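The structure appears right after this line, and notes come after that.
Taken together, the values in this text are just the output of simple stated rules run on the coordinates, not laboratory data. Please read all numbers here as calculations on a predicted model, not as lab measurements. Positions of Cβ are backbone-derived with ideal geometry, glycine not excepted, and every protein chain shown enters the neighbour counts.
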Amino acid sequence: MAMALSFPSPPVSSHPRLPPSISLRLRPFPSSKPLPILSSSKPFPSPKLVRYPALDNHASRHSHLRFARKLSTLLLSKPKQFLPLKVLYRCKKFLTVPRKRPLLPMILRYPSLFRLFYSPCNNPSSPMASVLSVSLTPNALSLFQQSSVLRAQIADSLACKLQRLLMMSPHRRILLSKLVHLGPDLGLPMNFRTKLCNVYPERFITINTSYGRALQLVSFDSSLASPVPPLKCYDDNRILDRPRRFEHLPLRRGLNLRRHHRDFLLGLQNLPEISPYEDCDLASLSAEMAEKRACAVVREILGMSLEKRTLIDHLTHFRKDFHLPNRLRALLVRHPEMFYVSIKGIRHSVFLVEAYNDDGKLIVQDELLKEKQRLMELVSEGKRMRRQRRKGLDLELGIEEEQSKEEFLDSEDGFEGLFESGIGEDWEEMNGEEEEEEEGDEDEEEERIEEFWVKKAVEAGVIEGAELDVW
């Protein structure tokens, strides 16, 4: 006799508030199959940014030199390398000095770089009149002249950098107004748009586009189409010499990642290598391969820079040229094994991690970095001169004023407008529109403050009576 087998019905909810006609069946237990590590969706929450104090100090030191380098660039753009102080008032926006803050105290902070003197003015009604002017000291002028000579000697290597940038662009063309943002980081001279870009017609030429002047690639050099070699060899301090049981992800000391984040990076690491110079169909690439290519492009740009660092804002100008993602900063933070994002200041910097050792020092020093080191030495020398002057002559520089100036030096700049259109084609003329906006006499209060600082500088003997040609 066959026995009828009965199976239990799915459990029904006996919630007192639900009518008996509605039954809630239990959902099946989710599958234990792991999700794929690589997916086009967001792989994990935004990782936490772990500070790297050694590289943060690099970014901080770079910001302290900002005002001195910008004023030096402005003075070097003039034929006589000096400007009247009243003309500098119009450049406050370029120098990122607030309108109500006097300019003279900022110049007096660098006595080893800038000097004050009275120069004759071209005024027929008063031929003996003179105006207070600012120029570079002999030491500072000699420093920048030596740097200019060195850049002329290595012009070939600088031209190779421009050619490699054009080779990475799918369009083989980049606007000059964008290249000026990366110019100082790559070590390019100030007049590279008129000098360097026109000396190597066999490599690139300048053309006119609807967006402005652009640099067009002429020949693709396959010998230059090789990525930057690894700059750092990670030591494998293992006790037993045997294969690893798990995949290894090289990270800097003190950095720990979540398991999901680490698995994602290991998955990208196992993908086939892609060269930033490879001419591939970007539309056919998967999201993972496109991200790996974007990392390779950013690594190549940082590898060509002098300090292996730049501002993230500078990289965002090349998103369309190199097909970088719109959320570029999130991409850099997502790859701490390659990049470090420093949040010192409003404008964040990005470093190439493999170019620095554990102590935060560059593994390979570029010869053009000697200019910055010498500039820092001159700034330190100026601090000692000011300290001795305060002790001996009592310039009455209060503690509150010193702290306010230090806070101003820590603020970020907006000087890219000067590099782009603030000074004319050869960095020798200021933009007329900015002059029209800044025309007019200063307020009485501001003039009174400037007169106060001029009197203090005269009493301290800081202003020289040197004579130069009429400006």
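Points 7 angstrom from Cα along the Cβ direction at GLN216 and ARG347: gap in nanometres?
In this crude spin-label approximation the distance works out to 3.1 nm.
State which entries of LYS80/LYS383; LYS78/LYS391; LYS48/LYS100 exceed 31 angstrom in Cα-Cα distance in the structure shown.
Working: LYS80/LYS383 27 Å; LYS78/LYS391 36 Å; LYS48/LYS100 39 Å.
Table pairs above 31 Å Cα-Cα are LYS78/LYS391; LYS48/LYS100.
With each label point set 7 Å from Cα along the Cα-Cβ vector, what nm distance links SER130 and ASN270?
Label-label distance for SER130 and ASN270, simple model: 7.6 nm.
Stretched out fully, how many nm does the piece from ARG253 to LEU85 gain, at 0.36 nm a residue minus the Cα gap?
So the extension gain works out to 55.5 nm.
Sort 292-301, 143-152 by the packing proxy (mean of other Cβ within 10 Å over each peptide's residues), most packed first. Spell out each step's value before the answer.
On the way: 292-301: 21.7, 143-152: 15.1.
The packing order, highest mean first, is 292-301, 143-152.
Give the calculated FRET efficiency between ARG61 and LYS391 to the nearest 0.05, with a Förster radius of 30 Å applied to their Cβ-Cβ distance.
For R0 = 30 Å, the calculated efficiency reads 0.70.
Does a label point 7 Å from the Cα of LEU368, set along Cα-to-beta-carbon, have any residues of the stretch 300-325 with amide nitrogen under 17 Å, and which are they?
Counting backbone N atoms under 17 Å from the label point, the list is 300-311, 314-315.
Between the stretch 313-340 and the stretch 131-161, what is the C-alpha centre distance in whole Å?
31 Å
Using the beta-carbon distance between ASP279 and THR206 and R0 = 22 Å, what value does 1/(1 + (r/R0)^6) give for FRET efficiency, to the nearest 0.05?
Values: r = 23 Å, r/R0 = 1.05.
Calculated value: 0.45.
Scan the stretch 327-368 for GluC sites (Glu not before Pro) in coil per DSSP, keeping those whose Cβ has at most 12 other Cβ atoms within 10 Å, and list them by number. Each step should come with its number before you reach the end.
Values: sites: GLU337, GLU354, GLU367; in loops: GLU337, GLU367.
Loop-located and lightly packed - GLU367.
In nm, to one decimal, how far is the ASN326 label point from the SER157 one, both placed 7 Å along Cα→Cβ?
4.0 nm
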